[in-house]
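Encoded as structure tokens, the structure appears first; notes follow it.
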Amino acid sequence: MTKLKTEHLTRAFLGLVAVNDVSFSMDEGEILGIIGPNGAGKTTFINLVSGIIMPSSGRVEYKGRDVTYMPAHERARLGIARTYQLIHPLENLSLIENVMVGSIFARRHGLKTARAKAAGLCESLGLSGLDRDTSRLTILEIKKMEIARALANEPEVLFLDEVMAGLNADETRELIAQVQTIARERKLAVGVVEHVMGVIKELTHRVIVLEAGELIAEGPYEQVSKNPRVIEAYLGGAA
Amino acid sequence: MNRNLLRALAFAAGALAVSLPAFAGAYPLQVARNVIMYMALALTWDMLLRSGQISFGIAGLFGLGAYATALGVLRAGMGDWLSLAFAPVFAGAAALLIGFLILRLRAMYFSIVTLALAEIFRIVIHNLHDFTGGPEGVVLDGVMLGGSAAALYWLTLGGLAVALGASWWFEKSKFHFALTAIRNNETAARSSGVDIFRWLLATFVITSAIQGLLGGIYVQSYGFATPDSVFDANFTLLPLAIALLGGIHSTIGPVFGAILLGLSSEWLKLRLPYGHLVVYGVIIVVVILFMPQGLYGLARKGLRRAEGRAE
């Protein structure tokens, strides 16, 4: 079943077209890789589908419903969640309180329910010491906390914007396994932006490739990675 | 710290505050009334600050509430209590309208607009001579509760109870999560489903209504209102200084800040007439430079460090 789909999605910033005519869709249970060189428009694309910025033209559909111009907080309630490339811990809240925020506002749970649900999410991601200040967390713990906060929205679509960046090999492996488990158990459609191709290869069922805002290739990683246009985008014309 | 000890201390402080008229003379009671009034205003200012929004408009809402009460009595024939209830309703309604217009502004822009609005209210009331009494203001037939110093003190204490209750509720409810998330990172807050505008509007209306109520209490305690007395810049600046000194983003900070600054300024007034304002200014500068989280923030940090060592 198609969860999320865009049609001709375009966003221009003062003449620079950051996302250009992108049409794609994501199905239930699918882990989709979103790759492309720096500046290709990956994060802008996620900002557009999550409602952080609005498109210049085109359409975003969530479960058949037009959400193109819906504000971000309403999309969060509807079931679209995301994390950020630059970490966004809420510094004056503890670890568990950070996670509770998604439950309280996206799901409108009371504080008690939200705390119980947040504790469960933290446990499933292997987080402990839940009353700690965010300043006392490791980078891996902050990334997990942000994933937990997004999951507290109880989303059906989840975007992870470079969550593996800055983690070492062991940490990356651990997080890949956890994301896979979570996606499977919750039947999530997951969109993953990553620069490390090993992660994309391991984690995703399908990949879309953006270059200069345009979708230039689509398919399983093995197939896309052999696509001459993709190789050229990554290595430049000389290759 | 021990929760029961804190509870006992709070109870003792409350009992002391309520029973103060039994043993304090007219002068200390008057000082206490001032301290309480500013403490309540500081709490309301801090409540909005917890969302990251710095208002310089306290005097504006305080003055609106004061005039709502005074004109409610004089022009609409309201009874004393009804006129008191009218103040927060009027200030809250004004805040709702204003909030729609200005709560999309942030940082300096928001602060400056609140400052300008307070000045606009003052000028409008100043110039609506026939209705508001103009620059000479309005005088009530008498003060409320027969002018009993003890009763008026308790009335002001009631205003503080409202502010304390609201502040405590903000700390324990969804407001805490909404406002802290907004202050920390609006983008992250939105992605977690926080309707930022709605929470800011609710906070602005609630804090403004309480500021209006305090203005109403002020008028009913002194029996008159002039544009210069109820829109005095001190009603904006002292609460700010109190919250900064005591510790922002908390209920306990403004409480201690008001007691410290209130009592020390009273003492300084006697020692150094006029000079006390200079000392006052120095205190504020030192606090902002060396302990931006205020005394409570400093204490919290010390406590955390001690805990860290104990671990």
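Read-outs throughout are calculated quantities, based only on the coordinates presented, and are distinct from any laboratory measurement. Every value quoted in this text rests on a predicted model; they were computed, and no experiment measured them. Note that we place each Cβ from the backbone using ideal geometry, even for glycine, and neighbour counts take in every protein chain shown.
For the stretch B:25-232, what is one quarter of the convex hull surface built on the Cα atoms, given in nm²?
So the mean shadow area of the Cα hull is 11.5 nm².
Shielding value for A:216-224 is 0, the average number of Cβ atoms from other chains within 10 Å of each residue's Cβ. For the protein assembly as shown, the 222 nm mean residue ellipticity estimated from helices alone, with every DSSP H stretch of n ≥ 4 adding -39500 (n - 2.57) and the total spread over all residues, rounds to -20000 deg cm²/dmol. For the options B:N34, B:N234, B:N127, a Gaussian network treatment of chain B with springs between C-alpha atoms closer than 10 Å singles out B:N127 as fluctuating the most. The convex hull defined by the C-alpha atoms of chain A has an orientation-averaged projected area of 13.0 nm². Values of log10 I(q)/I(0) for the stretch B:56-98 across q = 0.28, 0.30 Å⁻¹ run -0.90, -0.98, by the Debye formula with one identical scatterer at each alpha carbon and no solvent. Computed extension gain for B:L101 through B:A161, at 0.36 nm per residue and net of the alpha carbon distance, reaches 18.6 nm. Legend: Rg and Dmax of the protein assembly as shown, from Cα coordinates, 28.3, 93 Å. All other residues whose Cβ lies under 13 angstrom from that of B:Y38 are scored, Lys and Arg at +1 and Asp and Glu at -1, for a net of -2.
If you bin all the Cα-Cα distances of the stretch A:1-40 at 5 Å, starting from zero, the percentages per bin are 6, 18, 21, 25, 16, 9, 3, 1. When both bridge partners sit in the protein assembly as shown, DSSP labels roughly 60% of those beta bridges antiparallel. Within 10 Å of the Cβ of each residue in A:51-58, the mean number of Cβ atoms contributed by other protein chains is 1. Relative to the longest principal Cα axis of chain A, at what angle does helix A:95-106 sit, 0 to 90 degrees, rounded to 10? Helix A:95-106 and the main axis of chain A meet at about 70 degrees.
Of all the Cα-Cα pairs you can form in the stretch A:26-111, what percent are over 14 Å apart?
Percent of Cα pairs beyond 14 Å in the stretch A:26-111: 72.
Other protein chain C-beta atoms within 10 Å of residue C-beta, averaged over B:177-189: 6. Loop-located chymotrypsin sites (Phe, Trp or Tyr not before Pro) in the stretch A:52-108 (DSSP state not H, G, I, E or B) with no more than 15 neighbouring Cβ atoms inside 10 Å: A:Y69.
Whole-percent P(r), the stretch B:183-272, all Cα pairs, 5 Å bins from 0: 3, 11, 12, 17, 20, 15, 10, 5, 4, 2, 1, 0.
In this simple spin-label model, placing a label point 7 Å from the Cα along the Cα-to-Cβ direction at both B:K301 and A:Q178 gives a separation of 3.2 nm. Loop-located trypsin sites (Lys or Arg not before Pro) across the stretch A:4-80 with a Cβ neighbour count of 16 or fewer within 10 Å are A:K63, with loop assigned by DSSP.
Zone of A:L16 (label point 7 Å along Cα→Cβ, backbone N under 18 Å): which residues in the stretch A:207-233? Flagged as within label range: A:210-215. Across the stretch A:89-155, counting alpha-carbon atoms alone, Rg and Dmax equal 10.4, 29 Å. When DSSP beta bridges are restricted to pairs lying wholly in chain A, around 55% turn out antiparallel. Quotient of the Cα radius of gyration of the stretch B:63-122 and 2.2 N^0.38 Å, N being its number of residues: 1.31. Its Cα gyration tensor gives the stretch A:1-76 an equivalent ellipsoid, and the semi-axes of that ellipsoid, as √(5λ) in whole Å with the largest first, are 19, 15, 11. About its Cα centre, the protein assembly as shown has a charge dipole of approximately 860 debye under the convention of +1 per Lys or Arg Cβ and -1 per Asp or Glu Cβ, with nothing else charged.
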